[in-house]
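Below: the structure, in structure tokens.
Since every read-out is calculated from the coordinates, none of them should be taken as a lab result. Here the structure is a predicted model, which means the values were calculated and not measured. Because the Cβ atoms are built from the backbone with ideal geometry, glycine has one as well, and the counts that use them run over all protein chains shown.
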Amino acid sequence: MEASSNTAAELNIQNKSTRILVGGSPSYRCDYCGQVISEQMQFSGVTIRDPDGGLTEHFFCEEKCMTSQYPDI
Ligand SMILES: [Zn+2]
């Protein structure tokens, strides 16, 4: 689902998705609270384009953490 609008002034969000971590994936930590995202856990992933043109992926254990980190998302 990518229906949300891209109106953030400072954030250049390329993609935002909800994913399920499957076996074999590297383990992630929530960017906001630091909780380890374990296997079979649903988490949110956000891809942001940096000012220098690179892409950075951020992961959050739940939507609440994502919106705490990026209120305009
Ligand atoms: Zn979190």
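Please give the charge dipole size of the stretch 13-66, origin at the Cα centre, charges +1 on K and R Cβ atoms and -1 on D and E Cβ atoms. Round to the nearest 20 debye. Numbers along the way, then the final one.
Numbers: 5 positive and 7 negative charges, 20 e Å.
It comes to approximately 100 debye.
With each label point set 7 Å from Cα along the Cα-Cβ vector, what nm distance links E63 and L11?
1.4
By count of other Cβ within 10 Å, fewest leading, how are K16, K64 ordered?
K64, K16
Fewest Cβ neighbours within 10 Å first, please rank M66, M41 accordingly. Don't skip to the answer; put the middle values down first.
Numbers: M66 23, M41 15.
By the 10 Å Cβ count, ascending, the order reads M41, M66.
Is the chain best put as rounded, prolate or oblate by its Cα gyration tensor, with a ≥ b ≥ c the root eigenvalues, rounded for a/c under 1.5, and otherwise prolate when a/b is larger than b/c, oblate when not? Walk me through the intermediate numbers first.
Working: a/c = 1.82, a/b = 1.65, b/c = 1.10.
Here the chain falls in the prolate category.
Before rounding to the nearest 500, sum -39500 (n - 2.57) across all DSSP H runs of length at least 4 in the chain and divide by the residue total; then give [θ] at 222 nm in deg cm²/dmol.
So the calculated ellipticity at 222 nm is -2500 deg cm²/dmol.
T47 to C33: extension gain in nm, 0.36 nm per residue of separation minus the Cα-Cα distance? If you can, show how the numbers build up before the last one.
Working: separation 14, 0.36 × 14 = 5.04 nm, distance 1.80 nm.
Stretched fully, the T47-C33 segment lengthens by 3.2 nm.
Starting from the amide H of N12, placed 1.01 Å from N in the peptide plane, find each other amide H under 5 Å away whose residue is 5 or more places distant or on another chain.
The answer is R49.
Averaging sequence separations of C-alpha pairs under 8 Å and six or more residues apart, then dividing by the length of the chain, give the relative contact order as a whole percent.
Relative contact order here is 30 percent.
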